[in-house]
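The values are calculated or read from the model by the stated rules, or taken from the named source; none is laboratory data. From a predicted model like this one, the values you see are computed outputs, not experimental measurements. No Cβ is skipped: glycine too gets one built from the backbone with ideal geometry, and neighbour counts run over all protein chains shown.
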Amino acid sequence: MLPMKRPRLNAVRALPDYRLALTFIDGQQLTLDLSADLHAYPGLQPLLADHVFEGASLGDDGWTVEWPEPDIQIGADSLYLDALAQNATDENTRIFINWRARTGLPLNQAAEALGVSARSISRYSSGREAVPRSLALACLGWDSLQQCSALEAAEETGRYTVTRKP
């Protein structure tokens, strides 16, 4: 079965403890635990009210899950990546899928950022093939480069310096 180009939902069902049973148009079924996000993000906290979460339904022809009463929608692509990361069998795959979700880089830009082919990014993004440790480390390294402006300048010139502490 080929992975979807863009994840789209066929069905959603609210489960106890703020979990969603997601069925995608390619038949893939994943469970996503949203409990931590509901407590962490103020915009999602209305879903914690009595019986509100249970009202989850498909919206926008399967492109979102929505809760009409508090007017909250979450995109199918975000749900898909979060569910893949939560259901990943190993930490390397979890790191990579979280990196893809967090950066939002298109396939070609993600491939360029990590120094691999777009085909590799596509294979690993589906969650159906284990991500090698070197690629997970590349994700963590890319994150570090983005957080340090001095290293960003070094990356542009192609020159890196190493300063050793005594």
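Taking the conditions (1) outside any loop (DSSP other than H, G, I, E, B); (2) within 21 Å of Ala101 (Cα to Cα) in turn, Arg13 satisfies each one other than (2). Could you tell me whether His39 is of a type outside the set (Gly, Ala, Ser), outside any strand (DSSP E or B) and either under 20 Å from Tyr124 (Cα atoms) or within 19 Å of the chain's Cα centre (by Cα) (or both)? Judged against the criteria, His39 is a match. Answer with yes or no whether Ser120 is modelled with pLDDT of 80 or more, surrounded by 11 or more Cβ atoms within 10 Å (Cβ to Cβ) and touching a Lys or Arg at 6+ places or on another chain (Cβ under 9 Å). When the stated conditions are applied, Ser120 does not pass them.
Cβ separations smaller than 6 Å between residues 6+ apart or across chains give the following pairs from the stretch 42-60 residues that are at pLDDT 90 or above to residues that are part of a loop (DSSP other than H, G, I, E, B) and surrounded by fewer than 18 Cβ atoms within 10 Å (Cβ to Cβ): Pro46/Pro70. The residues of the stretch 124-138 that are farther than 11 Å from Thr93 by Cβ and surrounded by 14 or more Cβ atoms within 10 Å (Cβ to Cβ) amount to a single one, Ala138. Pairs are defined by a Cβ separation below 8 Å, a sequence spacing of at least 6 or placement on different chains, a first member in the stretch 14-26 that is under 13 Å from Val52 (Cα atoms), and a second member that is outside any loop (DSSP other than H, G, I, E, B) and among the aromatic types (Phe, Trp, Tyr); the pairs so defined are Ala14/Phe53; Tyr18/Phe53.
Among the numbered conditions (1) surrounded by fewer than 16 Cβ atoms within 10 Å (Cβ to Cβ); (2) within 30 Å of Ala49 (Cα to Cα); (3) not assigned by TED's automatic domain parsing to the domain that holds Pro42, the only one that Pro68 does not meet is (3). In this structure, does Asp77 turn out to be touching a residue at least 60 places away in the same chain (Cβ under 8 Å) and more than 19 Å from Asp17 (Cα to Cα)? Against the criterion (touching a residue at least 60 places away in the same chain (Cβ under 8 Å) and more than 19 Å from Asp17 (Cα to Cα)), Asp77 qualifies. Output the residues belonging to the stretch 39-52 that are more than 15 Å from Glu66 (Cβ to Cβ) and of a type in the set (A, V, I, L, M). Of everything in the stretch 39-52, those that are more than 15 Å from Glu66 (Cβ to Cβ) and of a type in the set (A, V, I, L, M) turn out to be Ala40, Leu48, Ala49. In this structure, does Gly27 turn out to be outside the structural domain of Arg128 (by TED's automatic domain parsing) and part of a loop (DSSP other than H, G, I, E, B)? Answer is yes for this residue.
Of the strands (runs of 3 or more DSSP E) lying entirely inside the stretch 48-113, the ones with 2 or more residues being within 15 Å of the chain's Cα centre (by Cα) and not polar (S, T, N, Q) are found at 72-75.
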